[in-house]
Amino acid sequence: MRSTSPQAARIATPLISVVMANFQASDKLVPAMQSVLRQSVADLELIVCDDASSDDSVAIVERFMRDDPRISLIRADTNGGPARSRNRGLKAARGQWIAVVDSDDIIHPERFERLLAAANHAGADIIADDLLHFYEDGAPASLLLGAGQDTLFSVDAARWVGAGFDGSAALGYLKPMIRAEVLGDLRYDESLRIGEDYDLVLRLLLAGAAMSILPEPYYLYRRHSGSISHRLSVADLEAMLISQTVMRAWLGSVPPDLAQAFHRRQEQLGNGLAFEELVAAIKGRRLVRVASLLLSEPRLAQRLWQSFSEGRRRKARAPRAQQAAGAVTLGPSEQRVPAYIPVDAEDWNAPRQRQAWLELADLGGGQTIDVTCPDQASRYAAGFIPMARIREPAMRTELGELVK
């Protein structure tokens, strides 16, 4: 492992440490890093943890480092997965708050400022926002949280475990920001290559940390063309089941609501494992195993048909990226520009503008789009357009522009 720092002039104790694990994401890395460096909260450090990439990721980070002393680079000699990469970043982090941003995602320019304000309002040790899913093939953007959750709300261990298995949104996909003093020496479970964020937050909640969620989508989560059909592997689900079994045994007696949530999750993970075993058997043309699984779990046949039907619908869907406009102007009189509310005046119980966020995210159709922003409200609105190149009358900034 090699660590590089551009200068000694880095912030001694930044307010926020941003840990960005990276593997082969060079084409997505530039907008991800720029979205962090252009935050309204400038008191931060960005720690990029490269997991033995063979593309030009390291060269890109090093070019950024020449111009911004807030960036540091940690390089691994061998690939170890996202949990191990993030743990390297956590070890190096010096901030009062820790945020994880993936190297292929984008965050709104005011994300950290608004999350900090929400955390202070709620007295939270862990604060998260909604995910705005945007798709490279031009499919309509979507939000992770459901329409019924419109105000700042708290989450305990039982709600965290049960989320996603009781009809609600799977909160484990969120990208929380955590107080460093609460995180302490706790680290990601490196045996998990998926679900590692869920596991880390759960252990914090079980230790008494207070968590709140702001249902505003300041984290723009990229769905790759390949990830749309991505499913958990058998090995991933087995690791998640083992992790939960070990944790449940370690906890011993727990309150009834938490015990019920664990039971529900265990059951659903088991069903998911059986389905992935069926898919693997079909792909491997192991017909005896296919027949055995279908006979023992008849419901798998229905789930298989649903998965097949959804796949056909995705392939038949015409990409919307070809229909996207090349440039737009977000004027103050347009309905799709949400009313701009300063952070210190935000009403945490006010209804959220879900439809406006989705309409803005769809403007680019998953592609780069030029956006002219004449005022603060339009600049705020442009932050929800994933690949916006923001133009102002007196200046021009480009999210997708490679640092020279």
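Where helices (runs of 4 or more DSSP H) fall wholly inside segment 59-172, the ranges with 1 or more residues that are among the β-branched types (Val, Ile, Thr) are 157-162. Here the condition is being modelled with pLDDT of 95 or more and either of a type in the set (Lys, Arg) or more than 19 Å from the chain's Cα centre (by Cα) (or both); of Arg159, Arg193, Arg114, it holds for Arg114 alone. Candidates are the residues of segment 149-165 that are of a type outside the set (A, V, I, L, M) and within 22 Å of Ser253 (Cβ to Cβ); the one that is most open to solvent (accessible area, probe 1.4 Å) is Arg159.
Could you grab me the full set of residues in segment 318-338 that are open to solvent by 60 Å² or more (accessible area, probe 1.4 Å) and modelled with pLDDT under 80?
Ala318, Pro319, Arg320, Gln322, Gln323, Pro332, Ser333, Gln335, Arg336
Taken over segment 282-293, the criterion of being outside any loop (DSSP other than H, G, I, E, B), modelled with pLDDT of 85 or more and surrounded by 10 or more Cβ atoms within 10 Å (Cβ to Cβ) is satisfied by Ile282, Leu287, Arg289, Ala291, Ser292. Might you check whether a residue that is modelled with pLDDT under 85, within 22 Å of the chain's Cα centre (by Cα) and either within 20 Å of Leu131 (Cβ to Cβ) or open to solvent by 50 Å² or more (accessible area, probe 1.4 Å) (or both) occurs anywhere in segment 198-215? No.
If only residues of segment 48-73 that are touching a Ser or Thr at 6+ places or on another chain (Cβ under 6 Å) and open to solvent by 40 Å² or more (accessible area, probe 1.4 Å) are counted, the one that is farthest from Arg193 (Cα to Cα) is Asp56.
Tell me, yes or no, whether segment 174-185 has at least one residue that is out of contact with any Cys (no Cβ under 6 Å at 6 or more places or on another chain), open to solvent by 20 Å² or more (accessible area, probe 1.4 Å) and part of a loop (DSSP other than H, G, I, E, B).
Within segment 174-185, one or more residues are out of contact with any Cys (no Cβ under 6 Å at 6 or more places or on another chain), open to solvent by 20 Å² or more (accessible area, probe 1.4 Å) and part of a loop (DSSP other than H, G, I, E, B).
Residue by residue through segment 7-56, note down the ones that are of a type in the set (Asp, Glu) and either part of a strand (DSSP E or B) or in contact (Cβ under 8 Å) with a residue 60 or more places away in the chain (or both). Scanning segment 7-56 gives Glu45, Asp50.
Applying the condition of being crowded, with 24+ Cβ neighbours inside 10 Å and out of contact with any His (no Cβ under 9 Å at 6 or more places or on another chain) to segment 127-144 and asking which residue is farthest from Pro342 (Cα to Cα) yields Phe134. Please tell me if Ile341 is β-branched (Val, Ile, Thr), open to solvent by less than 20 Å² (accessible area, probe 1.4 Å), in a loop (DSSP other than H, G, I, E, B) and at pLDDT 85 or above. Spelling it out, it is not the case that Ile341 is β-branched (Val, Ile, Thr), open to solvent by less than 20 Å² (accessible area, probe 1.4 Å), in a loop (DSSP other than H, G, I, E, B) and at pLDDT 85 or above. The condition of being closer than 28 Å to Phe134 by Cα and surrounded by 17 or more Cβ atoms within 10 Å (Cβ to Cβ) holds for Arg86.
Residue-wise test of (1) over 27 Å from Asp137 (Cβ atoms); (2) modelled with pLDDT under 80.
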{"residue": "Asn349", "(1), (2)": "yes, no"}
{"residue": "Ile369", "(1), (2)": "no, no"}
{"residue": "Cys373", "(1), (2)": "no, no"}
{"residue": "Gly383", "(1), (2)": "no, no"}
{"residue": "Arg389", "(1), (2)": "no, no"}
{"residue": "Arg396", "(1), (2)": "yes, yes"}
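The residue list Ala261, Ala209 contains one member that is within 30 Å of Ala32 (Cα to Cα) and either out of contact with any Gly (no Cβ under 9 Å at 6 or more places or on another chain) or not in a strand (DSSP E or B) (or both), which is Ala209.
The values are calculated or read from the model by the stated rules, or taken from the named source; none is laboratory data. Note that the structure is predicted; figures quoted are calculated from it, not measured. For neighbour counting, all protein chains shown are included, and Cβ atoms are generated from backbone atoms with ideal geometry for every residue, glycine included. Calculation scope for accessible area: heavy atoms of the full protein, side chains included, ligands and nucleic acids excluded. Shrake-Rupley method; radii C 1.70, N 1.55, O 1.52, S 1.80 Å.
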